[in-house]
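Notes follow the structure.
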Amino acid sequence: MQPTPYGSSPSSSYVDRLRGALMLEARTYRDVEQDTNANGQAALTVVLAALAAGIGAILSRDLIQNLLGTAISSLLQWVIFSFVAYYVGSSLFSSGDTSVTPGQVLRTIGFAQAPKILLVLGIIPILGWIVGLVVFFWFLAAAIVALREAFEFDTGRAVGTGLVALAVILVIDILLAAVFGIGSALFGGLLSVLRAGF
C-alpha cells in the first residue's frame, strides 16, 4: 500500500483515530499505518497513556518512583514491543504478502496504547485493579488488530507476533522492577489483581 499524508482520509483527526483505536477498528489502524505523518499522534497516545498510568499509581507507597517508573516503562515498552514485533513478524511469521516498515509498526502499536489512558482510574482504590485487568486485555486485543493491519497478515500470525513481543516485554519489566524498582503500565494491572487476591 502507498503511504498517505496526514489529513487525506475522513478518520485522520486525532480524536477520531483515538476513538477508532479504542473501538478496535481495523480501518483506523490501517489509516495510521499508512500515514507517515502520524508518528507524533502515536507518540502523544503513548505519552497520554503513560501519564494516565502514572496518575493511577499515585496512591502507591512510592509515589515519585512509581509515577516516573510507570511513565518511563510505558515509553520503553512501546519502542521495544514495536521493534520486537517488527523483527518477529517480518522474519518468523511473515508471508509472501508481508510488507511492513518499523515506522508502521511503531505507529499502529502507539495507537494500540489508547486503552491504557483508562489506567488513570487506578486512583480509585477498589476500581483500580479491575480497570488494570480490563486495560491489559484490551491492550492485547488492540495490539493484535494493530499488528494484523501493519503486517497485512491473518489474525493467527498477529497473535503469534504479539505473544512473542509480550514475552520480551515481560522479561524487561521483571528486570526493570528488580534492578530499578519501577512499576509497569502494562503488567501493573495484573500485579494489582494478584496483590488484591492474596
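Flag set for residue 127, criterion: aliphatic (A, V, I, L, M), surrounded by fewer than 17 Cβ atoms within 10 Å (Cβ to Cβ) and free of Cβ contacts under 8 Å to residues at least 60 places away in the same chain. Residue 164 satisfies every condition listed in (1) at pLDDT 90 or above; (2) closer than 18 Å to residue 107 by Cβ except (2). Within the option set 162, 122, being among the small types (Gly, Ala, Ser), under 12 Å from the mean Cα position of the chain (by Cα) and in a helix (DSSP H, G or I) holds for one residue only, 162. Annotation note: Cβ proximity below 8 Å between a residue of the range 17-29 that is farther than 20 Å from residue 134 by Cα and a residue that is surrounded by fewer than 17 Cβ atoms within 10 Å (Cβ to Cβ) and among the small types (Gly, Ala, Ser) (sequence gap 6+ or interchain) occurs for 17/11; 27/11; 28/11. Looking only at the range 144-163, residues that are more than 19 Å from residue 23 (Cα to Cα) and β-branched (Val, Ile, Thr) come to 1 in all. Checked against (1) at pLDDT 90 or above; (2) in contact with a Lys or Arg (Cβ under 9 Å, 6 or more places away or on another chain); (3) polar (S, T, N, Q), residue 9 meets all criteria but (1). Restricting to the range 83-108, name every residue that is free of Cβ contacts under 8 Å to residues at least 60 places away in the same chain and either assigned to a helix (DSSP H, G or I) or on the phi > 0 side of the Ramachandran plot (or both). 83, 86, 87, 91, 102, 105 - these are the residues of the range 83-108 that are free of Cβ contacts under 8 Å to residues at least 60 places away in the same chain and either assigned to a helix (DSSP H, G or I) or on the phi > 0 side of the Ramachandran plot (or both). Scanning the range 109-124 for residues that are touching a residue at least 60 places away in the same chain (Cβ under 8 Å) and surrounded by fewer than 17 Cβ atoms within 10 Å (Cβ to Cβ) yields one hit, 123.
The values are calculated or read from the model by the stated rules, or taken from the named source; none is laboratory data. All values derive from a computational prediction rather than experimental measurement. Every residue, glycine among them, receives a Cβ derived from its backbone with ideal geometry; neighbour counts consider all protein chains shown.
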